Amino acid sequence: MTKKFRVELIKDRCKGCELCTSVCSRHLLKMDTHLNHKGYASVTIENMDACIGCINCALICPDGAIEIFQLEEGDKE
Amino acid sequence: MKPVFTYSEGMERVETSYCPGCTHGIAHRLIVETLIENGELGNAIGVCPIGCSVQAHKFMHVDMCEAAHGRAPAVASGIRRVHPDKPVFTYQGDGDLASIGMGEIIHAASRGERFTTFFINNGIYGMTGGQMAPTTLIGQRSTTSQDGRTVEANGMPIRVAELIAAVDGAAYVERVALDSPAHIRQAKRAVQKAFAVQKMGVGFTMIEFISSCPTNWGLSPVEALGWIKEKMIPYYPLGVKKDITAQNVQEEEA
Ligand SMILES: Cc1ncc(C[n+]2csc(CCOP(=O)(O)OP(=O)(O)O)c2C)c(N)n1
Ligand code: SF4
Ligand code: SF4
Ligand code: SF4
């Protein structure tokens, strides 16, 4: 079974800097048109199943707005 | 679900005051992550600078005190001497450390004070609105070098890591950058190494981070990372500038 990951984007923490979108190895992260409570366009993910869990996005996020989890057997997809 | 990367418990759950894409937040996280790994988050004492990170004590879940502009190394020297068993660090910008505080940092290094300095080199005064710093590059515009810094008027930018490495009391000095995931991974190893050498009690330790200031560079956060790669790193080469623990190993082998 290929590993699957879940990317949690904590939209309220996001400042819309786009650093994560620029380093995603699979180009999965895009800016949302929806603004968060601070007025920043927050980040969103397309095609979560394609995430390889490289954590590039989380490493570069200066605001702790990204968490990554690996799905285990029995987890709901 | 197995956590692969989660919000660091070493960071307070508050909003930082940093601009979008400012890499100060990454440096904070690397420091607290390392302290957690070492089981020393509650044991460490930090000293904040004057500059954008003046409120770092609100963001890192570490006991910290504030120092007057540039004086953090003097304050940290006292703290570490009184608490020889605690990890002590300063967190300082380039205006703080390399302008007004250049005397303090050189003398602390020269005395071989056993604390670690985390030096944020973003080539500008961030907090006060983008004035030239000693680290501003030749040709770089700032509010006090509007047509770009010149050698004639301002001299060459100071390479602080190399300068401190040349001081006898310095035990470990490395320059890292926060512009890419690979460099951030290396920066984490540098922070770990600095705290490890501090614990050995063999001298002063410093990590220089090449960091971004998109706001005062007039660039988008992503463009600012490109500026680090294309302009700053060629002038400020990354790597270990001094490691007396490695020299000891070599001498033992010889
Ligand atoms: C004694 C004193 N002189 C000058 C200032 C004004 N001042 C505040 S922050 C700063 C420089 C900050 O630049 P830097 O250390 O590079 O940190 P950054 O804001 O870029 O993170 C200066 C000159 C001050 N607060 N106190
Ligand atoms: S973990 Fe890697 S692949 Fe997944 S979203 Fe983040 S950067 Fe992209
Ligand atoms: S790096 Fe962090 S703050 Fe910046 S856009 Fe991505 S999630 Fe938001
Ligand atoms: S002014 Fe520059 S250094 Fe200060 S928070 Fe903003 S981007 Fe960061």
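The values are calculated or read from the model by the stated rules, or taken from the named source; none is laboratory data. Values in this document were obtained by computation on a predicted structure and should not be read as measured data. Cβ: placed from backbone, ideal geometry, glycine included. Neighbour counts: every protein chain shown. Surface areas here come from the heavy atoms of the whole protein model, side chains and all, with no ligands, DNA or RNA. Shrake-Rupley method; radii C 1.70, N 1.55, O 1.52, S 1.80 Å.
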Checklist entry - If you check B:R159, B:R189, which single one turns out to be of a type in the set (K, R) and either closer than 16 Å to B:D94 by Cα or touching a helix residue (DSSP H, G or I) at 6+ places or on another chain (Cβ under 8 Å) (or both)? => result B:R159
Next on the checklist: Need pairs with beta-carbon distance below 6 Å; first residue within 13 Å of B:M206 (Cβ to Cβ) and within the range B:100-113, second open to solvent by 10 Å² or more (accessible area, probe 1.4 Å); sequence gap 6+ or separate chains.
Outcome noted: B:E104/B:R71; B:E104/B:A74; B:A109/B:V167; B:A109/B:G169; B:S110/B:V167; B:S110/B:G169; B:G112/B:G169
Checklist entry - Would you pick out the residues in the range B:8-18 that are within 13 Å of ligand 3 (Cβ to nearest atom) and surrounded by fewer than 19 Cβ atoms within 10 Å (Cβ to Cβ)? => result B:E15
Checklist entry - Which is open to solvent by less than 10 Å² (accessible area, probe 1.4 Å) and closer than 17 Å to B:I105 by Cβ, of B:V32, B:V47, B:V75? => result B:V47
Checklist entry - When you go through (1) closer than 22 Å to B:R13 by Cα; (2) more than 13 Å from ligand 3 (Cβ to nearest atom); (3) over 11 Å from the mean Cα position of the chain (by Cα) one by one for A:I52, which number turns out not to apply? => result (1)
Item to check | Condition broken by A:F5, with the remaining ones in (1) touching a Gly at 6+ places or on another chain (Cβ under 9 Å); (2) at pLDDT 95 or above; (3) closer than 28 Å to B:W227 by Cβ satisfied | outcome: (3)
Item to check | strands (runs of 3 or more DSSP E) within the range B:139-248 that include 1 or more residues surrounded by fewer than 16 Cβ atoms within 10 Å (Cβ to Cβ) and in contact (Cβ under 8 Å) with a residue 12 or more places away in the chain | outcome: B:239-243
Checklist entry - Do we find a residue being within 21 Å of B:P181 (Cα to Cα), away from chain B (no Cβ under 11 Å), surrounded by 19 or more Cβ atoms within 10 Å (Cβ to Cβ) and within 11 Å of ligand 2 (Cβ to nearest atom) anywhere in the range A:34-44? => result yes
Checklist entry - Only one residue in B:M156, B:M206, B:M232, B:M200 is within 16 Å of ligand 4 (Cβ to nearest atom) and modelled with pLDDT of 95 or more, so which one is that? => result B:M232
Next on the checklist: Among the residues of the range B:113-124, are any within 14 Å of chain A (Cβ to nearest Cβ) and within 16 Å of ligand 1 (Cβ to nearest atom)?
Outcome noted: yes
Checklist outcome for this item: Residues in the range A:1-23 that are in a helix (DSSP H, G or I), more than 7 Å from chain B (Cβ to nearest Cβ) and open to solvent by 40 Å² or more (accessible area, probe 1.4 Å) total 0
Next on the checklist: If I filter the range B:62-94 down to residues being in a loop (DSSP other than H, G, I, E, B) and within 20 Å of B:A190 (Cβ to Cβ), which single residue comes out as farthest from ligand 4 (Cβ to nearest atom)?
Outcome noted: B:P87
Next on the checklist: For the range B:31-61, give me each residue that is away from ligand 1 (no atom under 16 Å from the Cβ) and part of a helix (DSSP H, G or I).
Outcome noted: B:V32, B:E33, B:T34, B:L35, B:I36, B:E37
